[in-house]
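Asks: Before we start, here is the structure in question, set down as structure tokens.
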Amino acid sequence: MTDVTLNGLRFLAQRAELERRDDGAMILRSPVPLGDYPATLGAVLTAQAGANGERTFLAGRDGDGWQTLTYAEVHARAAGIAHHLLTAGLGPERPLMLLSGNSVGHALMTLGAVLAGVPAVPVSPAYSLMSADHAKLRHITDLTRPGLIWVEDAAPFGPALKALAEQGFETVMTSADLAAIQTAGTAPDVDIAPDAVAKILFTSGSTGMPKGVINTHRMLCANQAMLAVAWPFVRDMAPVLVDWLPWNHTFGGNFCFNLALFNGGTFHIDDGKPAPPLIGRTVENLRLASPNLYFNVPAGFAALLPALEQDADLRDCFFRDLKAIFYAAAALPQDLWDRLERVADLSGHPRPLMLSAWGSTETAPLATLVHFSIPRAGNIGLPVPGCELKFQPSGAKYELRLRGPNITPGYHDRPDLTAAAFDEEGFYRMGDAGLLADPDDPSAGVLFDGRVAEDFKLTTGTWVSVGALRVGTVGACSPLVQDVVVTGHDTDRIGLLIWPAMAAVAGLDPEAGDDPEALCASAKVNAAIAEKLAAWNAANPASSTRIDRFVLMAAPPSIDANEITDKGYVNQRATLERRAELVDALRRGTLGTRVPTAE
């Protein structure tokens, strides 16, 4: 199997094999074998310290520049932390819990746990800092029983730590303790099996408390090997990342961080966030370091694009070395794709490739990967070598299921959830839907087709594809709309709950100023969005795509209520349940703005 070169980067040639079964199911797989891969993450860190010891691995902000640590320095400090963790009695049954966000200290503590064979449990900082009752944090702590809790700075976490102390968890370590323990000893001689737990990552379902996804060393190591076979350029060009994606999620903590670690790359920790009020810090960080690969979620690109469009110096820094832009975690609206290409052209530098992938916390996360040129958003690539993708008929769609060494063995202390997650052949039930981009050519890739459970039928019997409709209407309303939730179950017409892009709509009605409630009530703002949706309806007149009515929401999505993750992905089902009164009012026509019929 030969490689191909795109934009100066080597990729695996675009090939796939398809097995069609008598029951209508299909199995899509790569014809290329996966090959060998390291046994543990600790073995990878040790190898990189030997091969690239003087190369910068981690960079965190320090005043006007970066605090940097080489691979050798990181390994030495992580070894001291590992020694301390074992001395303190941590182990497979007494994990390390990390409450604060991405930082050099967070990385060192995690890598120390990796070397010690201690599971790391990174928890969303929002569960500590934005929650009123700390219910999710209490649940996670009760479930995992940590032997040590890490926070960068104890002060902001005071209420959360008090809540945990009431549960009996009082052993806390902060950055002030690092200087002593990271020189506490040499790397311990611990026999860590490939199937030992490296991390427990908590994901929020549509309802209820987060569930802990077991991430083994085998999963994470196999997944990076899969990536390197499909993207051989990562071995040719050490990745240089400037990245904010939270490490309590698999995208940032497994995909991006491990990409740098496995390939001798440099990871600049972006301590901003592409959302108000921290977008300015992200812009500042991108002025100080030029990535050669850039990863983000669609909401992140939407927040960053205005700065790139308005600032020539920022464009130059951002695109100077950039070879590829990568989006995942949610579908990228086509208008954002087009804007990224336009602003790249304005920079005067070569236009980077647009790449994507698909997977989940349970798949480490990579399952399919774009390793070929795609002209527009929607194609999620092909199964990576070693991972099989099953298309299982489910109503009018195909449910996507996965099997391979990158798949979780299950959920921490939840055998019921584990049993329900796999089919009779051992394929993980993803819950997403997909279809072949070209039914006659399995090598053309896979198209994401929404969540199986999100789609619904109108009373007319017509199916509504929620994922596609959400992406389409957000794009049609650009730049006025941040996100939408689709309503219409058990009715004959579709409605939208809309979060406006407040910065974009603020200029439409001077009398409303920048007050969210006033802007959502503004006739001018509603009329501007209605006009865009009328144009959408004219181009999409079918009952499964035509928008009848919408309502604008000032109240942001709630993390406590599972309406949104801290990556910015909106949970449709949870939002519909929490805002049932709005949904009912839309259905009855007593609230919201009617979309006019286009002339």
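The values are calculated or read from the model by the stated rules, or taken from the named source; none is laboratory data. Predicted, not measured: the structure shown is a model, and the values here were computed from it. Here Cβ is always computed from backbone atoms with ideal geometry, including for glycine, and neighbour counts include all displayed protein chains.
Asks: If I ask for residues that are closer than 27 Å to residue 275 by Cβ, of a type outside the set (Phe, Trp, Tyr) and touching an Asp or Glu at 6+ places or on another chain (Cβ under 8 Å), which ones from the range 224-247 would you list? Lay out the reasoning, then the answer.
Replies: The initial filter retains those residues of the range 224-247 that are closer than 27 Å to residue 275 by Cβ, namely 239-247.
Restricting the remaining residues to those that are of a type outside the set (Phe, Trp, Tyr) gives 239-243, 245-246.
The answer is 240, 242, 243, 246.
Asks: Got a number for residues in the range 44-63 being in contact (Cβ under 8 Å) with a residue 60 or more places away in the chain and either in a loop (DSSP other than H, G, I, E, B) or farther than 22 Å from residue 104 by Cβ (or both)?
Replies: In the first step, residues of the range 44-63 are kept if they are in contact (Cβ under 8 Å) with a residue 60 or more places away in the chain; the result is 44-46, 48, 51-52, 55-61.
With the extra rule that they be either in a loop (DSSP other than H, G, I, E, B) or farther than 22 Å from residue 104 by Cβ (or both), the set shrinks to 52, 55.
Summing the residues that are in contact (Cβ under 8 Å) with a residue 60 or more places away in the chain and either in a loop (DSSP other than H, G, I, E, B) or farther than 22 Å from residue 104 by Cβ (or both) in the range 44-63 gives 2.
Asks: Identify, from the list 78, 43, 88, 39, the residue that is more than 16 Å from residue 266 (Cβ to Cβ) and in contact with a Pro (Cβ under 9 Å, 6 or more places away or on another chain). Quick ask: steps written out before the conclusion?
Replies: Working: 78 fails: in contact with a Pro (Cβ under 9 Å, 6 or more places away or on another chain); 43 fails: in contact with a Pro (Cβ under 9 Å, 6 or more places away or on another chain); 88 fails: in contact with a Pro (Cβ under 9 Å, 6 or more places away or on another chain).
When all the criteria are applied, what remains is 39.
Asks: On to the next question. Picking from 302, 357, 328, 364, which residue would you name as being hydrophobic (A, V, I, L, M, F, W, C), surrounded by 21 or more Cβ atoms within 10 Å (Cβ to Cβ) and at positive phi? First the steps, then the outcome.
Replies: Numbers: 302 fails: at positive phi; 357 fails: at positive phi; 328 fails: at positive phi.
Within the list 302, 357, 328, 364, the selection yields 364.
Asks: Only residues in the range 1-23 that are more than 30 Å from residue 393 (Cβ to Cβ) count as the first member; pair them with residues that are exposed (fewer than 15 other Cβ atoms within 10 Å of the Cβ) and of a type in the set (Gly, Ala, Ser), Cβ under 8 angstrom, at least 6 apart or cross-chain, and list the lot.
Replies: 1/13; 2/13; 3/13; 4/13; 6/373
Asks: Starting from residues that are more than 17 Å from residue 539 (Cβ to Cβ) and of a type in the set (D, E, K, R), keep the ones in the range 462-494 and report whichever is surrounded by the most Cβ atoms within 10 Å (Cβ to Cβ).
Replies: Per the stated criteria, the residue is 483.
Asks: I need a count of the residues in the range 525-556 that are touching an Asp or Glu at 6+ places or on another chain (Cβ under 6 Å), small (Gly, Ala, Ser) and part of a helix (DSSP H, G or I). Full working, then the answer.
Replies: First, pick out the residues of the range 525-556 that are touching an Asp or Glu at 6+ places or on another chain (Cβ under 6 Å): 525, 554.
Those still in the list that are small (Gly, Ala, Ser) too: 554.
Applying the additional criterion that residues be part of a helix (DSSP H, G or I) yields none.
Final tally of qualifying residues: 0.
Asks: Return the residues of the range 535-558 that are aliphatic (A, V, I, L, M), farther than 17 Å from residue 463 by Cβ and surrounded by fewer than 18 Cβ atoms within 10 Å (Cβ to Cβ); say none if nothing qualifies. If you could, list the steps in order and put the result at the bottom.
Replies: From the range 535-558, those aliphatic (A, V, I, L, M) are 535, 538-539, 542, 547, 551-555; that's our starting set.
With farther than 17 Å from residue 463 by Cβ added as a condition, the list becomes 535, 538-539, 551-555.
535, 538, 539, 554, 555 - these are the residues of the range 535-558 that are aliphatic (A, V, I, L, M), farther than 17 Å from residue 463 by Cβ and surrounded by fewer than 18 Cβ atoms within 10 Å (Cβ to Cβ).
Asks: Could you count how many residues in the range 64-73 are part of a helix (DSSP H, G or I) and touching a residue at least 24 places away in the same chain (Cβ under 8 Å)? Give the steps one after another, and end with the answer.
Replies: Here is the first cut: in the range 64-73, the ones part of a helix (DSSP H, G or I) are 71-73.
Adding the requirement that they be touching a residue at least 24 places away in the same chain (Cβ under 8 Å) leaves 71.
Qualifying residue count, the range 64-73: 1.
Asks: On the basis of being at pLDDT 95 or above and crowded, with 24+ Cβ neighbours inside 10 Å, does residue 99 make the cut? Explain how you work it out, then say what you get.
Replies: Working: at pLDDT 95 or above: yes; crowded, with 24+ Cβ neighbours inside 10 Å: yes.
Yes.
Asks: Any residue in the range 267-278 that is β-branched (Val, Ile, Thr) sitting within a Cβ distance under 6 Å of a residue that is surrounded by 23 or more Cβ atoms within 10 Å (Cβ to Cβ)? List the pairs, counting only those 6 or more apart or interchain.
Replies: 269/102
Asks: Residues 384, 466: which one is closer than 30 Å to residue 552 by Cα and within 22 Å of the chain's Cα centre (by Cα)?
Replies: Working: 384 fails: closer than 30 Å to residue 552 by Cα.
Exactly one of 384, 466 is closer than 30 Å to residue 552 by Cα and within 22 Å of the chain's Cα centre (by Cα), namely 466.
Asks: Looking only at residues that are within 16 Å of the chain's Cα centre (by Cα) and either more than 25 Å from residue 286 (Cβ to Cβ) or acidic (Asp, Glu) (or both) in the range 221-258, which one is surrounded by the most Cβ atoms within 10 Å (Cβ to Cβ)?
Replies: 223
Asks: What number of residues in the range 374-417 are of a type in the set (Gly, Ala, Ser), under 30 Å from residue 233 (Cα atoms) and modelled with pLDDT under 95? Show your work before the answer.
Replies: Kept after step one, since they are of a type in the set (Gly, Ala, Ser), are these residues of the range 374-417: 377-378, 381, 386, 394-396, 404, 410.
Next, only the ones that are under 30 Å from residue 233 (Cα atoms) stay: 377-378, 381, 386, 404.
Subsequent filtering for residues that are modelled with pLDDT under 95 retains 377-378.
The total comes to 2.
Asks: Further question: Which one of the conditions (1) of a type outside the set (Val, Ile, Thr); (2) free of Cβ contacts under 8 Å to residues at least 40 places away in the same chain; (3) surrounded by fewer than 20 Cβ atoms within 10 Å (Cβ to Cβ) does residue 137 fail to meet, given that it meets all the rest?
Replies: (3)
Asks: Kindly list the number of the only condition in (1) part of a helix (DSSP H, G or I); (2) within 22 Å of the chain's Cα centre (by Cα) that fails for residue 355.
Replies: Among (1) part of a helix (DSSP H, G or I); (2) within 22 Å of the chain's Cα centre (by Cα), the lone unmet condition for residue 355 is (1).
Asks: So, in the range 436-453, of the ones that are among the charged types (D, E, K, R) and not in a loop (DSSP other than H, G, I, E, B), which residue ends up farthest from the chain's Cα centre (by Cα)?
Replies: Selected residue: 449.
Asks: Another question, then. Please pick out the residue among 172, 197 that is crowded, with 17+ Cβ neighbours inside 10 Å and modelled with pLDDT of 95 or more.
Replies: Working: 172 fails: modelled with pLDDT of 95 or more.
Checking each option against the conditions leaves just 197.
Asks: Residue 497 passes all but one of (1) in a strand (DSSP E or B); (2) in contact with a Phe, Trp or Tyr (Cβ under 7 Å, 6 or more places away or on another chain); (3) not acidic (Asp, Glu); which number fails?
Replies: Failing condition for residue 497: (2).
Asks: For the range 59-75, enumerate the residues that are aliphatic (A, V, I, L, M) and surrounded by 18 or more Cβ atoms within 10 Å (Cβ to Cβ).
Replies: Across the range 59-75, the qualifying residues are 59, 69, 74.
Asks: Scan the range 452-461 and tell me whether some residue there is of a type in the set (Asp, Glu) and either over 30 Å from residue 218 (Cα atoms) or surrounded by fewer than 22 Cβ atoms within 10 Å (Cβ to Cβ) (or both).
Replies: We begin by selecting, within the range 452-461, every residue of a type in the set (Asp, Glu); these are 454-455.
Next, only the ones that are either over 30 Å from residue 218 (Cα atoms) or surrounded by fewer than 22 Cβ atoms within 10 Å (Cβ to Cβ) (or both) stay: 454-455.
Looking for residues that are of a type in the set (Asp, Glu) and either over 30 Å from residue 218 (Cα atoms) or surrounded by fewer than 22 Cβ atoms within 10 Å (Cβ to Cβ) (or both), one finds at least one in the range 452-461, hence yes.
Asks: Here is a further query. Take the range 96-118 and flag every residue that is farther than 20 Å from residue 185 by Cα and not small (Gly, Ala, Ser). Outline the logic, then answer.
Replies: Kept after step one, since they are farther than 20 Å from residue 185 by Cα, are these residues of the range 96-118: 97-103.
Selection gives 97, 98, 99, 102.
Asks: Could you please find all residues in the range 91-105 being in contact with a strand residue (DSSP E or B) (Cβ under 6 Å, 6 or more places away or on another chain) and within 15 Å of residue 172 (Cβ to Cβ)?
Replies: Selection gives 95, 96, 97, 98.
Asks: When you check residue 335 against the structure, is it outside any strand (DSSP E or B), of a type in the set (Asp, Glu) and at pLDDT below 95, yes or no?
Replies: Numbers: outside any strand (DSSP E or B): yes; of a type in the set (Asp, Glu): yes; at pLDDT below 95: yes.
So residue 335 fits the description; yes.
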